[in-house]
Amino acid sequence: MQLHVGLFKKQFGWETLMQQVGVPYSLVEKETLAQNIFPVVILNAKPKKEEKELLLRYLKNGGALITSTQFLEKLFPVHSKLQAIKYLLPEPESPFNTNGLIDVFSFGKIPANANTLVTNKQRCSTFIGELGGGCVICFPFDLGELVTDTRIQRKYFPAQSPKLPAERVSLVGKNEIRKLAASSLEFLFHQRNLPFVHLWYFPNNERNLFSFRIDSDYGTEKEIFSLYNFLQKENIRATWFLHVQSHQKYLHRFREMRGHEMALHCYEHETFPTFKKNQRNIRLAKKFLDEAGIPFSGFAAPFGDWNTELNKALEQFLFSYSSEFAFDYDNFPSFPSIGNLPSSVLQIPIHPVCIGSLRATRMNETAMNEYFENVLANKLQNHEPLFFYHHPKDAHPEVLRAMFENLRNKKIRNVTFSEFYTWWKKRSDVFSTLCSTEKIEFANGILSLPSAENEISFRVTNKNNQATFVSGTQTNGTSLDQFFWQEQSTPVPLPHDIERARKFSPRLLNQRFRIFLRRKLK
């Protein structure tokens, strides 16, 4: 059997999720559905009469579906209730126990037989189990639709402190939606007694990668080169996103930073709602960087803001990548959808809380260290890239030193943003090949993988909670019994007070109002 997922309808959101997870897919056709060749089908559209019959036959023959209530009710009589859902929480024993708090802030049709993923109103939202002879996971909403949401809101982030750090980020937790998709696929593959195989996220089977982003906001010459010298002593390479207007008098000095990458933050420290104003801001910054002989290919917007007009300006200036946590955070890269077409600018998400955010909560250095240790442990558990950011004015070098030492002890390699961009583009090209000409096959306990470059590897898991890595150069069919399997680690428990981060807060409301006024005055 080919270990390729069937996607019922071409849809940008689901295609993005599949690319991030690294599971190849093909669009479902009547012939392929009738042949029962897909281990899992993603039903992301309403089936027509003939398609309904084929889907019911597919399930009867032991097939597996991922879908939402609005589409499942076209196959079976489903009683549901439309409900506003702020967030979901997984139970410790559910297939989704690697998820954290899942922000959705959307309406969903909750099936009456829902048995997992508890909402903010303390009721189950999702059905998982046998239906029509096969196995079905039915969410109250379509994951592919939800992951393309572009709403922005200031949110709290969990921490062991009286005041929680906050940042203006993507309202929908796209990273958690991606984990729902990955967990669903893995569970259903195992339910069908098949290995779950996906492209690994990092080169050469590496456990993870670390990148350090610096937004140079209003930093003085002394502050900037003090930070640079500190990083040199720590043997850390950073990607510097330059606030050009602030450093115009000594911009040439950034050429002295050996081994570091230069990228653009802005000229004027603002993100605008119109294409022309963003275009002007970028053009002015580019002029001075070009004059100073500083090459760059990346961008990060002031305040982490993102909008489609900004993205259009980035495309015009041929940026390779951009990084805005108002678009996405704590996740793998993706290409935004602009007019139903993928942007040419890759989004590289980071963790949106920095030392400056923690200072605003009046944390001491001990509490700051604990915060970053917890974030790092959780990201390692979920294989999320260890991408953090900093400002020259944030200070607290001892907190940074503790983070760097932690990463060195775990043997996590330090890369620049452009190096990670190059890697992810290579992985994306391999993924495209897997979805078209090459195939992953499994039959009689033998796994056959297509050939790939040395850096590329596949992660394979089985239903016994074990995992192994297979190199892309290992192309001959291999019995699963011959692989070196390792037990997967136990998920990091959620903080007992995690829901505190989503309770109503006058402080957050005040901050949102102040941001609204600033935008209007601009």
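Some points to look at:
- Packing-based ranking, highest mean first, of 76-82, 226-232 given that Cβ atoms within 10 Å are counted: 226-232, 76-82
- If R0 is 41 Å, the Cβ-Cβ spacing of residue 448 and residue 106 corresponds to a FRET efficiency of close to 0.50.
- Helix 12-21 axis versus longest C-alpha principal axis of the chain: approximately 80°, rounded to the nearest ten.
- Here the dipole of region 207-411 is about 460 debye; that uses its Cα centre as origin and unit charges on the Cβ of Lys and Arg (positive) and Asp and Glu (negative).
- In nm, spacing of pseudo-spin labels at residue 432 and residue 256 (7 Å Cα→C-beta vector): 4.2 nm
- Candidate lysines for bridging to residue 503, where Cα separation is under 29 Å - those fewer than 8 sequence places away on the same chain excluded: 81, 86, 109, 121, 155, 163, 174, 179, 379, 520
- Antiparallel bridge percentage (DSSP; both residues within region 207-411; nearest 5): 15 percent
- Subtracting the Cα-Cα distance of residue 498 and residue 486 from their residue separation scaled by 0.36 nm leaves 1.3 nm.
- Fewest-first sequence of 222, 286, 109 by Cβ atoms within 10 Å of each Cβ: 222, 286, 109
- Rounded to the nearest 20 debye, the dipole magnitude of the chain is 1660 debye, with +1 charges on Lys and Arg beta carbons, -1 on Asp and Glu beta carbons, and the Cα centre as origin.
- Long-range amide H partners of residue 126 with built H, under 5 Å: 115, 116
- 12 Å beta-carbon shell around residue 503, net charge (K/R +1, D/E -1): +3
- Under 15 Å, Cβ to Cβ, from residue 425 - net charge with Lys/Arg +1 and Asp/Glu -1: -2
- Note on the chain: antiparallel DSSP beta bridges, both residues inside, total approximately 55 percent of the bridges counted.
- Region 495-511 residues near the modelled residue 377 label - backbone nitrogen below 11 Å, point 7 Å along Cα→Cβ: 495
- Distance from the alpha carbon centroid of region 256-331 to that of region 170-184 works out to 27 angstrom.
Every number in this text was worked out from the coordinates using simple rules, so none of it is lab data. Source: prediction; values computed, not measured. So basically every Cβ, Gly included, is an ideal-geometry build from the backbone, and we count neighbours across all protein chains shown.
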